[in-house]
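**Student:** Okay, here's the structure, questions in a sec.
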Amino acid sequence: MKKHILVAALVFAASNAMAERIVSGTNEKDRNSGGNKAEACKTAKEDALIKRTYDEQLAKYSPCECKQNEKGSWACTVDAALEKTR
């Protein structure tokens, strides 16, 4: 009986681990979003959301990581945790 409970717990843990995946988004594709840090971060978040599949939803964003180049443009990246809809 203990073996069955252990197997069930392992299967449950494995299914929860597979239910979430991390995708990254950047603002590199939108050249107009680099002048403002907030806009660059917003564009990076939108880029991450585009990578969702039909059965996934956003769980959370990581903080935007932004760097400004010598010309004053911002380059941002953000990770988004996606989870399966139930």
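The values are calculated or read from the model by the stated rules, or taken from the named source; none is laboratory data. These numbers come from a predicted model, not from an experiment. Virtual Cβ from ideal backbone geometry, glycine too; neighbours counted across all protein chains shown. The protein model used for the area step is the full one, side chains on, heavy atoms only, and it has no ligands, DNA or RNA in it. Shrake-Rupley method; radii C 1.70, N 1.55, O 1.52, S 1.80 Å.
**Student:** Across the stretch 37-56, what is the number of residues that are outside any helix (DSSP H, G or I), open to solvent by 80 Å² or more (accessible area, probe 1.4 Å) and out of contact with any Leu (no Cβ under 7 Å at 6 or more places or on another chain)?
**Tutor:** Of the residues in the stretch 37-56, 2 are outside any helix (DSSP H, G or I), open to solvent by 80 Å² or more (accessible area, probe 1.4 Å) and out of contact with any Leu (no Cβ under 7 Å at 6 or more places or on another chain).
**Student:** Another one. Being of a type in the set (D, E, K, R) and closer than 17 Å to Thr26 by Cα is the filter; apply it to the stretch 57-86 and report the residue that is surrounded by the most Cβ atoms within 10 Å (Cβ to Cβ).
**Tutor:** Out of the qualifying residues, it is Asp79.
**Student:** Kindly provide the set of residues from the stretch 57-71 that are touching a residue at least 12 places away in the same chain (Cβ under 8 Å), in a loop (DSSP other than H, G, I, E, B) and either among the basic types (Lys, Arg) or in contact with a helix residue (DSSP H, G or I) (Cβ under 7 Å, 6 or more places away or on another chain) (or both), ordered by number.
**Tutor:** Passing the criteria: only Cys64.
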